[in-house]
Protein chains: 2
Amino acid sequence: MARLPVAERRRRLLAAAFTVISRVGVAGATTRAIVDEAGMKLASFHYAFASREELLAELVGDVIGRTEVVLAVPPRDGESLGQLLERGLLRYLDTVREAPERERAMFELTQYSMRTPGLEGLAARQYEGYRALAAASLTKAAERTGCAWQRPLDELAAHLVALTDGLALAWLADADDTRAHRTAAFAARALAAESRPLTVPPRPLGEPPRPLADPSRSLTEPSRPLAPTPAPPTRPGEPA
Amino acid sequence: MARLPVAERRRRLLAAAFTVISRVGVAGATTRAIVDEAGMKLASFHYAFASREELLAELVGDVIGRTEVVLAVPPRDGESLGQLLERGLLRYLDTVREAPERERAMFELTQYSMRTPGLEGLAARQYEGYRALAAASLTKAAERTGCAWQRPLDELAAHLVALTDGLALAWLADADDTRAHRTAAFAARALAAESRPLTVPPRPLGEPPRPLADPSRSLTEPSRPLAPTPAPPTRPGEPA
DNA sequence: CGGCGAGTGGGTCAGATGACCCAGTCGCGC
DNA sequence: GCGCGACTGGGTCATCTGACCCACTCGCCG
């Protein structure tokens with residue numbers, strides 16, 4: 001083994017650890033398996049890291065940055081926001097299908113950090129990172145299709161993260177492409193419903209410019225009655 | 001230790017195993033930790049189960065049935081489908097908040113079965129079970145609020161499962177109640193948007209009874225053009 | 001009511017694993 | 001060009017873990 005600066009060695013060990021975890025899970029990522037993957041000797045491990053725990057903690061932190069924006073897809077002409085979102089989600093799904101182990105490894109690392117004393121915060125930060133990525137994607141998608149979001153961006157980002165998580169988890173469990181595609185379409189629909197076109201379509205004459213009661217407010221929380229609202233007629237929960 | 005029939009011993013060991021897994025994860029669920037939790041001796045373990053693997057396999061299978069319908073909530077008068085769904089989701093969220101370890105254990109067991117040769121099928125069956133529960137909840141919710149679903153039930157059930165998974169995962173990561181509540185509201189909205197009231201509201205005069213192009217079809221897949229559709233105007237992905 | 005076998009208890013064993021030690025070696029700075 | 005110290009290699013050690021063994025006990029059946 002060539003002589004490497006510690007920093008580089010740490011980097012390689014981290015990469016090897018992720019590979020091993022992808023293949024056999026966190027439990028199977030023993031120090032020996034990791035150095036084996038990296039083509040090193042066991043002593044080098046403890047030269048670079050004080051302990052296996054330290055490596056895993058670093059890895060969890062690292063992984064946050066390693067996540068790329070896979071949702072971003074080149075927009076097409078005349079494409080609606082919903083369509084763009086759906087293609088983005090399908091693209092994400094493709095990356096999951098291509099490398100399911102990678103995705104599994106991510107989930108497992110999150111779980112590891114949630115369960116390990118001292119690392120709980122990292123799981124939260126990881127999700128913070130996901131939301132930031134989601135927010136960026138949502139912003140770009142909206143401006144590319146001439147739309148505006150009707151809710152705070154970070155809120156919608158949280159929803160998108162939940163949707164992608166659910167989507168990935170379900171696919172990992174049963175590998176059902178058809179079902180996953182349908183759920184992706186549903187997710188796109190659901191998110192697009194939280195937007196409005198920026199170019200306000202001409203309002204039909206006579207219709208007052210009512211600010212159409214925020215359709216995305218909680219459906220159960222008692223909304224401060226701006227005007228006393230009588231018991232609403234039996235209707236599905238869709239916005240007025 | 002009292003003398004127990006094997007069946008009972010197995011049951012107790014399974015319960016103890018789940019408890020241990022909730023506390024310390026699958027990796028920490030060693031045979032010793034399990035028998036300790038159950039108040040038995042190690043030998044009893046191998047008397048009841050051939051191996052730790054056999055117990056875990058059985059546990060994964062068991063867990064499928066153990067899941068209850070927590071989404072079901074008593075309906076209130078004049079409540080919309082969306083409101084009912086949101087309350088159901090919030091109730092689910094409450095169970096997660098009350099026993100996060102339980103939920104974590106479930107996720108971990110799923111992951112274990114996905115990763116263990118011979119148990120992959122169990123993960124799929126587990127999700128099948130989840131979908132069945134979701135479908136039952138959705139049916140009940142719709143009929144209680146006088147609504148009908150506009151998409152096949154099992155499809156919507158898959159969406160609901162994805163949403164609850166994403167919701168739970170996010171909450172487990174950051175324990176942010178506010179965010180989780182908002183996502184629950186979003187999920188309820190999104191699902192309710194896939195329904196329609198059964199009592200058809202009187203159609204405005206002059207508006208033909210057009211079957212308003214299925215709003216829930218995929219937004220990207222080329223829909224067989226019933227009528228040649230020119231490039232759609234730039235609009236958000238929301239249904240016409 | 002006596003024996004037999006299902007069930008129990010305590011111990012053992014081999015292998016895996018995290019940690020870490022120490023004698024070397026070899027590249028870099030002087 | 002050379003010495004020093006950052007790095008490497010090949011061990012060792014204590015501990016944990018799954019598996020399993022065998023002598024014993026005690027409730028039930030005949």
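The values are calculated or read from the model by the stated rules, or taken from the named source; none is laboratory data. Predicted model only: the values in this text are computed from it and were never measured. Reconstructed Cβ throughout: ideal geometry from the backbone, glycine too, with neighbour counts over all protein chains shown. Accessible surface areas use protein heavy atoms only, side chains included; no ligands, DNA or RNA. Shrake-Rupley method; radii C 1.70, N 1.55, O 1.52, S 1.80 Å.
Numbers for the structure displayed
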| read-out | value |
| --- | --- |
| Partner chain coverage, peptide A:107-115 - average Cβ within 10 angstrom | 5 |
| Cα gyration tensor shape for segment A:35-193, rounded if a/c is under 1.5, else prolate or oblate | prolate |
| Number of partner chain Cβ atoms within 10 Å, mean per residue of A:155-161 | 6 |
| Shortest-first nm distances, B:Thr31 label point to equivalent points in other copies (7 Å, Cα→Cβ) | 2.6 |
| Computed E for A:Glu128/B:Ser51 - FRET, C-beta separation, R0 41 angstrom, nearest 0.05 | 0.50 |
| Other-copy label distances relative to B:Gly121, 7 angstrom Cα-Cβ extension, nm | 4.7 |
| Carbon/sulfur fraction of accessible area - segment A:1-119, other protein chains in place, 1.4 Å, % | 51 |
| Chain pair B, A: total accessible area buried, heavy atoms, 1.4 Å probe, Å² | 5500 |
| Using a Förster distance of 22 Å, the FRET efficiency for B:Thr95-A:Asp154 (Cβ separation, nearest 0.05) | 0.25 |
| Per-residue mean of C-beta atoms belonging to partner chains within 10 Å, peptide B:118-124 | 2 |
| Hits among aspartates and glutamates - C-alpha to C-alpha of B:Lys41 under 19 Å, sequence gap 8 or more where chains match | B:Glu8, B:Glu53, B:Glu54 |
| Rounded FRET efficiency, nearest 0.05, which uses the C-beta distance separating A:Val6 from B:Glu120 and R0 of 51 Å | 0.80 |
| Inter-copy separations for A:Arg91, label at 7 Å along Cα-Cβ, nm, ascending | 4.1 |
